[in-house]
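The values are calculated or read from the model by the stated rules, or taken from the named source; none is laboratory data. Since we're looking at a predicted model, the values are computed, not measured. When we count neighbours, we look across all protein chains shown, and the Cβ atoms used for this are built from the backbone with ideal geometry, even at glycine. Just the protein is used for accessible areas: all its heavy atoms, side chains included, with ligands, DNA and RNA removed. Shrake-Rupley method; radii C 1.70, N 1.55, O 1.52, S 1.80 Å.
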Amino acid sequence: MRTRPLPETAIGIDVGGTRIRVARIDASGDLTARVIEPVQPDRSGFVAQLSRLVGGFRTDGDVAVGIGIPGRVLGHRGEIVSAGYLDIAGLDLPALIAAETGLPARIENDATMALLAEANARRGDTSGLTFMVTVGTGIGGAAIDGGAPWYGGGISGQFGHIVVAEAGPSCNCGRTGCVETFSSGTALGRLIAEAGLDAQTKAEDLLVRAENGETACSDLLARWARPLQRAIETLVAVADPQLVIVGGGLGGEMVRALERLPKRGRWFAMPVEAARLGDDAGVIGAGLRALALPAPE
Ligand SMILES: [Zn+2]
């Protein structure tokens, strides 16, 4: 008796600053199993954790592994240049995965993985140049064109470092006035403290209070969102993307804050949408990317 072949699936891995997610993803982008645990930030601990998770998770249908990394990744080569709080720069993760499982692996920036999942969820609506801006602790980004990552020279999509004001706060990149210093979650926390509001105040609270007529909250949201509006206008002026998807932990709130702002000149009408997939976008995109291997040059 012949057995039917298993449908091909991939293991998607989303490495975050605090947690690591591992999931099984099929070719439709559906997620069928998931493990989440705190990430080990030190090099040897991370290597051991990744080996254990992948080795334990693998089943016969899995044909490849995709890994999204927070930070700067040379996606066309699968090289990790830097990874924020994680000490994993330069680690050869495809070799590690191959040694543990025999499977090929693909490494990308985590925002690129999330964008691939969002594009898949929108089917034909993102066949052209599409950007993602992620609003969380910092501001990240990614670009795809024709459904594939667009790398530029290697690390395109660092949209948090678009300068929107020369006289701005110092940025991690060594310059001043990057949009990340004005419109990230960290910047929102600073605006809340400067306004004398309770430190537990959330973006959602501010949106509700602004809707109820509290002008101090409307003003604060405008100060948070306007620099990102400028940055997205710059992206639109330079590249005329089909769509800009705003995601990350504060993506939905940021889109609502952007929608409250007065519209500006029609040259730069912004095709902005909130991300749809939430926290699983990274693992879903990583699985889809793995299923679309070939390996990098
Ligand atoms: Zn910067």
remark   = Subset of region 141-161, residues assigned to a strand (DSSP E or B), closer than 10 Å to LEU115 by Cβ and either within 12 Å of the ligand (Cβ to nearest atom) or not hydrophobic (A, V, I, L, M, F, W, C) (or both), comes to GLY141, PRO149
request  = Return the residue satisfying two criteria in turn: it lies in region 162-180 and is surrounded by 19 or more Cβ atoms within 10 Å (Cβ to Cβ) and not in a loop (DSSP other than H, G, I, E, B), and of such residues it is nearest to the ligand (Cβ to nearest atom).
outcome  = CYS178
message = Looking at region 70-90 only, could you name the residues that are in contact (Cβ under 8 Å) with a residue 40 or more places away in the chain and either open to solvent by 30 Å² or more (accessible area, probe 1.4 Å) or not in a loop (DSSP other than H, G, I, E, B) (or both)?
response = ARG72, VAL73, LEU74, HIS76, ARG77, VAL81, GLY84, TYR85, ASP87
request  = Determine whether ALA48 is free of Cβ contacts under 8 Å to residues at least 40 places away in the same chain and either open to solvent by less than 30 Å² (accessible area, probe 1.4 Å) or not charged (D, E, K, R) (or both).
outcome  = yes
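Take region 204-236 and flag every residue that is in a helix (DSSP H, G or I) and open to solvent by 60 Å² or more (accessible area, probe 1.4 Å). Break it down into steps so the answer makes sense when it comes.
Filtering region 204-236 for residues in a helix (DSSP H, G or I) gives 204-211, 215-236.
The answer is GLU204, ASP205, VAL208, ARG209, GLU211, THR215, ALA216, ASP219, ARG223, ARG226, ARG230, THR234.
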key: Boolean, ALA111 is closer than 23 Å to ALA237 by Cβ, crowded, with 19+ Cβ neighbours inside 10 Å and within 16 Å of the ligand (Cβ to nearest atom)   = yes
request  = Check region 105-112 and report whether any residue there is assigned by TED's automatic domain parsing to the domain that holds ARG190 and farther than 17 Å from LEU277 by Cβ.
outcome  = no
